[in-house]
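Below is one structure; the comments refer to it alone.
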Amino acid sequence: MATLEGIVEATLAGMGIELVDARVSGGGRFLAIFIDRPGGITVDHCADVSRHLSRVLEVEGIDYDRLEVSSPGLDRPLRKAADFVRFAGSNVDVRMRTPDASGRRRFTGLLRGAQDGVATLEMEGCEVALDLNDIDRARLVPDPPGKSRAWTEGKKR
């Protein structure tokens, strides 16, 4: 049997939407699905995905009480290598699993991109290379009011 995340990811791919995160709680009774796409997510996207997933999950025999579909928000998590490429030029907050030589585990700065399994951040006037496999969590840092973020794929600041 396929995993919930695999089923949801395959379903969303056919709709041109990316799965950002899938969370299960309440003993598997509550499913929270976070979605995104270049250009952003609207309430209508969430409603369409919810209706479509309800049917797919029923066919797949996945029993649940409540399904919630939403945008990941302005502080969107970065999980895949492609996320670190797509959001190059954005401010990020990264927490590593293991500390660096100085004991530091948390890095906040301007994401320059990712290549060959390494994300590059500009912070405090220098560049820092972070192993993608050692990242515990990474999130976008929302821009201050009055500044806009380039959300479309391929568009950099």
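The values are calculated or read from the model by the stated rules, or taken from the named source; none is laboratory data. Predicted, not measured: the structure shown is a model, and the values here were computed from it. Reconstructed Cβ throughout: ideal geometry from the backbone, glycine too, with neighbour counts over all protein chains shown.
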*Meets criteria (hydrophobic (A, V, I, L, M, F, W, C), farther than 28 Å from VAL85 by Cβ and not assigned by TED's automatic domain parsing to the domain that holds ALA88) for ILE62*: yes
*Of the residues in the stretch 90-104, how many are outside any strand (DSSP E or B) and touching a residue at least 24 places away in the same chain (Cβ under 8 Å)?*
3
*Provide a single number: the residues in the stretch 23-41 that are under 19 Å from ASP65 (Cβ atoms), surrounded by 14 or more Cβ atoms within 10 Å (Cβ to Cβ) and of a type in the set (D, E, K, R).*
0
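Being over 15 Å from the mean Cα position of the chain (by Cα), crowded, with 16+ Cβ neighbours inside 10 Å, closer than 23 Å to ASP36 by Cα and among the small types (Gly, Ala, Ser) narrows it down to one of GLY109, GLY117, so name that one. Don't jump to the end; show me each part of the working.
Numbers: GLY117 fails: crowded, with 16+ Cβ neighbours inside 10 Å.
Of GLY109, GLY117, the one residue that is over 15 Å from the mean Cα position of the chain (by Cα), crowded, with 16+ Cβ neighbours inside 10 Å, closer than 23 Å to ASP36 by Cα and among the small types (Gly, Ala, Ser) is GLY109.
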*Within the stretch 42-89, can you find the residues that are surrounded by fewer than 16 Cβ atoms within 10 Å (Cβ to Cβ), of a type in the set (Val, Ile, Thr) and assigned to a loop (DSSP other than H, G, I, E, B)?*
THR42
*Within the stretch 74-91, identify whether any single residue is on the phi < 0 side of the Ramachandran plot and more than 16 Å from the chain's Cα centre (by Cα), and answer yes or no.*
no
*asked:* Out of everything in the stretch 108-140 that is assigned to a loop (DSSP other than H, G, I, E, B) and either outside the structural domain of ARG97 (by TED's automatic domain parsing) or small (Gly, Ala, Ser) (or both), what residue ends up being modelled with the highest pLDDT?
replied: GLY117
*Counting only residues that are closer than 18 Å to ILE62 by Cβ and surrounded by fewer than 11 Cβ atoms within 10 Å (Cβ to Cβ), which one in the stretch 1-22 is farthest from the chain's Cα centre (by Cα)?*
MET1
